[in-house]
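J.: Structure in structure tokens, see below.
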Amino acid sequence: MERADRNFAELLQELRVTQTGVQMLFAFLLTLAFSARFPELDTAQRVMYVTTLLLALVATVMFTAPAAMHRQLFGLGAKRTIVDTSSRLAGAGLAALGLSLTGALLLVVDVVFGRAAGIAVGSTAFLLCLVTWVGLPQHLRRKAGPGPYATQGADGESGG
């Protein structure tokens, strides 16, 4: 139970960092539709915009869901379930955030410099998210092995 409490506290701290950024992105995207240049967007740019807006919404929901779940299940002895589910929601939120960051950058660069530049910069942004959020942690996990504070849980997952 102590491990679940600690893991949940660490997860909430991580979510605090990402929540603010994704909420700012979502708010920025909401305002774009009301800007003077929005009517000038072509169909592809409008699709990029709506897709990016929806991905930012998904990321926001995924990052705030653990707090709502905790609030509803608090005191029911479901801490381990809350932690496991919240961790999966955070992973889904990061995926949606990476795609929404990519989409926002793709849209802005497409409007400013053209479609080819937008696709190139958007692809680079996607790869950057993928490498730093997935590849790098996996590489470090393989390289580090079990650390001095790692313990093995019943599910085979290292804690610490």
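The values are calculated or read from the model by the stated rules, or taken from the named source; none is laboratory data. Small disclaimer: the values here were computed from a predicted structure and weren't measured. Here the Cβ is made from the backbone with ideal geometry for all residues, glycine too, and neighbour counts use every protein chain on show. Protein only, heavy atoms only, side chains kept; ligands, DNA and RNA dropped before computing areas. Shrake-Rupley method; radii C 1.70, N 1.55, O 1.52, S 1.80 Å.
J.: Compute the semi-axes of the equivalent ellipsoid of segment 1-112, taking the square root of 5 times each eigenvalue of the Cα gyration tensor, and list them largest first in whole Å. All intermediate terms of the calculation are to be shown ahead of the outcome.
T.: Details: eigenvalues 244, 25, 21 Å².
Over the Cα atoms of segment 1-112, the ellipsoid semi-axes are 35, 11, 10 Å.
J.: Where the centre of each part is set by its Cα atoms, how far does segment 57-111 sit from segment 33-50, in angstrom?
T.: Using only Cα atoms to place each centre, the spacing works out to 26 Å.
J.: Taking every eigenvalue of the Cα gyration tensor of segment 72-132, multiplying by 5 and rooting it, what semi-axes result, largest first, whole Å?
T.: Details: eigenvalues 277, 23, 5 Å².
Semi-axes, largest first: 37, 11, 5 Å.
J.: Residues of the chain: accessible area per residue at 1.4 Å, in Å²?
T.: 63 Å²
J.: So, one more: Give me the dipole magnitude in Debye, nearest 20, for segment 37-105 about the Cα centre, with unit charges on the beta carbon: positive for Lys and Arg, negative for Asp and Glu.
T.: Once rounded to the nearest 20, the dipole reads 300 debye.
J.: Can you compute the modelled spin-label distance between Asp5 and Ser123, with each label point 7 Å from Cα toward Cβ, in nm?
T.: Label-label distance for Asp5 and Ser123, simple model: 5.1 nm.
J.: Roughly how many percent of the accessible protein surface of segment 1-129 is carbon and sulfur, given a 1.4 Å probe and a whole-percent answer?
T.: About 71 percent, which is the carbon plus sulfur part of the accessible surface.
J.: Evaluate the relative contact order of the chain (contact order divided by residue number), counting alpha-carbon pairs under 8 angstrom at least 6 apart; express in whole percent.
T.: 22 percent
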